[in-house]
Structure formats: structure tokens, C-alpha cells
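Structure record follows, encoded as C-alpha cells.
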Amino acid sequence: MDQLTADSLSQLAYVYRLIDMPVESLQAAERAVKSNPTADSREQAVLALIATSDYDAAQRIFNDAPDGIQAEQKARLGHIIQLNEFSQQIKQGIQYHRNNNARHNNAYVILDRVLQSMQNYAPQLEQFPDLKERFQYDYMYALNARNLPKQVLNERTKIQKNELDMPIYIRLVLAESYLKTQQPKHAETLYKSVINEPKYLDYDLYAGLYYSLIEQEKFSEADLLITRMEQTLAKYRYSDAKGVDRQPHPDWSEFLSLKGLNYAYRNEHQKAEQYFEQLVAQAPSNLSYQNNLALIQRWREKPELSKNSLAVWNGLTDEELGIQLSQMQNAQALTDIATWRSEDARLESMLSEDSGFKRSRKELNDRNHASISQQSRFSKSESDNPALLGQLKGSREQESHTRLNSPWFADNFRAFADHQYRWAKYDSGKLHEQRIGLGAEWQKDRKAASVILSQDSHGDRSGVQLNWTQWLNDHWSYGLGYDSQADLPLQAVRLNNEGQSYQAGLNWQANESRKAGLSYQLTDIDDGNTRNEIGAYFRQRLQAAPHHITDATLRGYFSQNDEVDVPYFNPKQSHSIELTLEHDWMTWRNYDRYFNQHFEATIGTFGQTDHSDKPLYNLFYQHEWQVSRTWKLNYGIGWGSHPYDGEDEDRTYAVAGFEGRF
């Protein structure tokens, strides 16, 4: 090296820096400056010192530059030093956030400071396009670390360059920002442009690509990616120190969690739960596995079990934000509104950018808005025996139910207005009933009560309806009800008959895939008839996939009536058993919006006193649109055939409805 000229030493310093040999680069640059302190040799010395993070020494060489160096070259060198200082400050800010995010509210303080400094410095780079582009890349990198994806993409528009020609680390920044702003297609393209770069191939890259596929409903491709991750990610970290055992690699631990979540995203919740149970048994101190198990338990409609799974960590995980978020979401599922609200306020500063927290916050704020639901049904009936229709619901029928809810107040209360309308066409004329009611509802800790005061549109037939439901645990719930103006056939309403009804129900569920229930209702009508009805059902999920879910439901029904002369269908005894297959096809989905097609097919038998059992059938097809996070609508058509008094009634019907929050 002693035989080389100053120019050769400067070139050697440049080459050493390119091949990531900063110490050798600095040695060559210092010799070059000592041999001949030209502008080029000083620049290489400054860059070499920057590569070793010795900014003070770099600044001294810059300040000692002779007046002979051109002002533009000196300014350029000063900008290079400042840009590298910014880069170092960004790294410090990211590390500070990682170390302090769960401890206090201002973990972004260093990043915010450097972003403000960079924003103030930007105008000074207008005469140096190459340095300005590098500055913009670092600024975007800092914005992404600050979790400001919209600002990242806004800065991207200022760079007139194809994204695929940008540095790899910026492509990853842009991919992450696109994913966070619900543009997964763009994210996928950028992630795939890096997927074959060994230097960048880690869990974060794979996970980013995975979620960009999932958000586009590309479940098959995401499944293949899971297989690739399992084959390529490192399982262990090894130490060069003697006697130090290998340790599980963090990438591998995160992958194992993602593999279990992949089952859940594919609607294979049972597999997901069993998978995480096994992981927790193997690594009981791993908080991520435990938290994901609690998540799946909540998704499987077992929030108390989920809460209990996390309870063992109470007071031991004050810095584990994932556990705290799950505990808040369990409070939401358990309708513990006070805890939900207080935890939301406490976690806001630490989790304000977390997608799960933001969704829960929106749902909490939904309670401050009024809501509405409406459902209508229109039908046309035919029979070989027209007189039969006169005992049923006529040749044409219309029903509608509308409910307008106030915002929730005092956490657990809301008021509502209720409107019900029934209309039917008979040979003897048209009959209808319209009821208007006002009510109040209370919910807390998986218990709910409501009271409705109502009357018909003529101001008569006033009544009160009381309801109570309660979950005893994750598996058992019951309900009780009383209605002083029972829902009677329109023929009885025309004769000014009134009645009272009493209801009781008991429900059981293992999880979202297996449920059963038993119900009883007694209706006491002042025409001398007392009707007793018993119903039971068992529901089992048969198949679950990312876009298709199939359920089977077996229902049984028995009723008993008094032998009185009434104008409506009133057999002494009747019974039915039905098997219904239901299939949901998630045809399209884009985050909160989706289009689902629902199919139903029912076959069964119905029998009554003095008549043998005959088959019954029903087919139903429905469209369900979630048009936004808070509004949805549905409409469908159906056809069914049901025997009464040994004669079939064939009914064609249509339904339509909507619900949402204002």
C-alpha cells in the first residue's frame, strides 16, 4: 500500500467501502489524505469515517478542507455527512421505540425528532438530485418505521422512478405501506421482486407476501408459501462460543404461529385450536403461542376459555401488548363494556396503529351511533284445496319487522322503536295487523334483558313483551320470555281474540361448529285454545374452507292444541322432523366488504292427528352483501311445499332486508 499514489489509494478506499470492508477503506483513505490532501482524497476519507459511524472525525476533515475546494463539492460533502447522520438517528429511533413501546406513551419521540429535522433540511438538497433521491428514500424508511404508511406513499409520488428500479429496502418499505393501506396487489408485486434475494429473505418478507396474498383471497398460493417457509427458514441460531447450545431462531418461532393462524384464516378453526394447544404444551412459557391459542378460542365462540387461558399471565406480562390486546378483546366478547372501554383508553397510546386495536376501537365507537334493522317477506301460496289457504296465511302474504335503536348510554342501556306489519289475502278479503312499540334493552356480562310496550295502529291491543337471556358459560345459555299480546293468526285477530305467550329455551354449543337447542312455548288464547309447542335442533358443520362452509341442521317440532272451533289451522296434535343443508359461498371479499351466496335445501315429514305423515320440502337462495363495515343487505327467493290436513300448500316467497349504523 506504501507504493500506491494518492489517487490509487482513494480508489482503493472506494473499492473497500463497496465490498463492506470499512476498516481497510479508512486505512487507505487516511494514507491518501496524508500523501496528497486533495478534494477526492478528503471525500473518500469522510465517506470511510461515515462507514465506521465516526461522524465527528468526518466533520473535522470536512471543516479543515482548504478554500481551494469548490464550494459545490464542499457543500456536497457536507450533505453526505448530514444524510448519514440522519440514517444513524433513524436507526437509534427505531431501536428506542422497540425498547420502550410497552413502557410509556412517547416511544416515537426520537423518530419524530429526526423526521422534523429531515423535513426542515430537505430544501437544501434541491441542487443535488442524487442526494435528494437518497434523502427521500431514508425519509420514507423513517416514515414507515413511524407507522405512517399514507405519508410513505405520498413521498413515493415525488420520485419519478419505477418502483421495481428502487433499492430493495425501499421496495420492502413500499410493499409494507401498500399492505397497510389495503392495496395488497401492489404489495404482492414488490414482495415478489425481492423474494429471491437471499440477503433479504427472512420471516418479515415472507409474512408480508403471505398477508398480501391472503388479503386478495389467494389462499392456495398462500398455502404454498407456508410450505416454502417451512422448508427454507432457519430453525436455530448457533453461537461461536464454546459450550453454548443452539437456540430456537426467532423467525422459526414466528413462522410456527403463522402456520397455526393459516388454518384459522382458511376457516379450519378446529385444526388451528388443536395446533396451538400442542405448541403451548411444548412451550408453555411462549407468550405468542398462548396468545394465539386465546385468539382462536375466542373465534370459536369461547371467550371465557380464552380469558382463562390468559389469566395465568395477569400481572406478569405488563410489557406484552399482544396479551393486553387479547384481554381487551375478550372483555368485548363477554360484553364487559366498562372494562372494554377502560382498556381501550389505556392502550390507545401504545397500540393506536395496531389493526386489531383499531377495529375494536371502531366497534366501541359504533355504540355511540343509532342503528336500524329491517326484514321483509313476501309470499304466494297455492293448493289443490283452496279452502285450506283460508286456514293458513291466505293466498298472498306480507310480513315486515323494523327496529330503530338509539345509541348505547351508560355503557349497558339503549332504547328502541319497533314496528311490525302483517298482511294476508283470503277469499273473504284482506286482513292485516300493524303494531308499534317502544322498548329498552340492557346488556352486561353476557346477560341481556329487554321490555317492549306496544299497541296496534288503532290504539288497541296494548301489550308488554319481556325477554331475558343469559350465558352460563361458553357452552350453555338460556332464555325466558313473556308476551301479553301474543302473535296470533290473523283470523283470530279479526275476531278480536287476544292471547298471552310464555317462552323458555335452553341452548348448548361445543363451539362454532356444533350447537343444539330446546325450546318451549305456551300460548293461551281467549278463544278457548291453549297451544303448547316444543322445538329442538342439532346443528353440525360438515365442511369448512376459505370460501365455502356447509352445515347440516336436524330439527324436530311437536305441538298440541285444544279441540275448539277456530278459523285457523289448529290440529289436536302435530309433529315434524326436518333436515336442512346450508351452504355459504363467499364469492367476493375485499376487507370489510363482501358478497356471499347462501343456499338451503330442506327435506322432512309432517304429521298431525287423523292424517298420516307426508313429506315437506323447501329450497332457498339468498344474496348477502356487506357494503361497508357498518351496513349490509340481503335478498333471496325460495319455494316450499308443506302438508296440512293431508293437502299440500306450495309456497313461493321472497325476502329482503338490511341493517346498519348511522
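The values are calculated or read from the model by the stated rules, or taken from the named source; none is laboratory data. All values derive from a computational prediction rather than experimental measurement. Cβ sites come from the backbone with ideal geometry, for glycine too, and all protein chains shown count toward neighbours. Just so you know, the surface numbers come from the protein's heavy atoms only, side chains and all, with ligands and any DNA or RNA stripped out. Shrake-Rupley method; radii C 1.70, N 1.55, O 1.52, S 1.80 Å.
Tabulated values for the structure
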| item | result |
| --- | --- |
| Within region 293-327, considering residues that are modelled with pLDDT under 95 and under 15 Å from the mean Cα position of the chain (by Cα), the one nearest to residue 100 (Cα to Cα) | 325 |
| Subset of region 629-662 that is open to solvent by less than 40 Å² (accessible area, probe 1.4 Å) and not in a strand (DSSP E or B) - its residue that is farthest from residue 568 (Cα to Cα) | 630 |
| Counted residues, region 513-537 - those being outside any strand (DSSP E or B) and buried (at least 16 other Cβ atoms within 10 Å of the Cβ) | 3 |
| Answer residue from region 361-399, given it is in a helix (DSSP H, G or I) and either over 44 Å from the mean Cα position of the chain (by Cα) or of a type in the set (A, V, I, L, M, F, W, C) (or both) and is farthest from residue 649 (Cα to Cα) among those | 364 |
| Region 177-191: number of residues that are crowded, with 22+ Cβ neighbours inside 10 Å and more than 14 Å from residue 210 (Cα to Cα) | 1 |
| Out of 338, 331, 345, sole residue that is touching a residue at least 60 places away in the same chain (Cβ under 8 Å) and either part of a helix (DSSP H, G or I) or loosely packed, with under 15 Cβ neighbours inside 10 Å (or both) | 338 |
| Residue in region 406-417 that is hydrophobic (A, V, I, L, M, F, W, C) and within 30 Å of residue 101 (Cβ to Cβ) present | no |
| Failed item, numbered, when residue 215 is tested on (1) buried (at least 17 other Cβ atoms within 10 Å of the Cβ); (2) free of Cβ contacts under 8 Å to residues at least 60 places away in the same chain | (2) |
| Failed criterion for residue 274 (all others in (1) modelled with pLDDT under 95; (2) surrounded by fewer than 17 Cβ atoms within 10 Å (Cβ to Cβ); (3) over 30 Å from residue 469 (Cβ atoms); (4) not aliphatic (A, V, I, L, M) hold) | (1) |
| Candidates 606, 569 - the one that is more than 30 Å from residue 182 (Cβ to Cβ), in a loop (DSSP other than H, G, I, E, B), open to solvent by less than 40 Å² (accessible area, probe 1.4 Å) and among the aromatic types (Phe, Trp, Tyr) | 569 |
| Those residues of region 421-452 which are of a type in the set (Asp, Glu) and open to solvent by less than 60 Å² (accessible area, probe 1.4 Å), in sequence order | 433, 441 |
| Region 371-397: number of residues that are within 25 Å of residue 622 (Cβ to Cβ) and open to solvent by 60 Å² or more (accessible area, probe 1.4 Å) | 7 |
| Complete set of residues in region 400-449 that are under 30 Å from residue 566 (Cα atoms) and either among the small types (Gly, Ala, Ser) or assigned to a loop (DSSP other than H, G, I, E, B) (or both) | 400, 424, 427, 428, 429, 437 |
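Condition check ((1) open to solvent by 70 Å² or more (accessible area, probe 1.4 Å); (2) assigned to a helix (DSSP H, G or I); (3) not β-branched (Val, Ile, Thr)) across all residues:
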residue: 121; (1), (2), (3): no, yes, yes
residue: 150; (1), (2), (3): yes, yes, yes
residue: 160; (1), (2), (3): yes, no, yes
residue: 175; (1), (2), (3): no, yes, yes
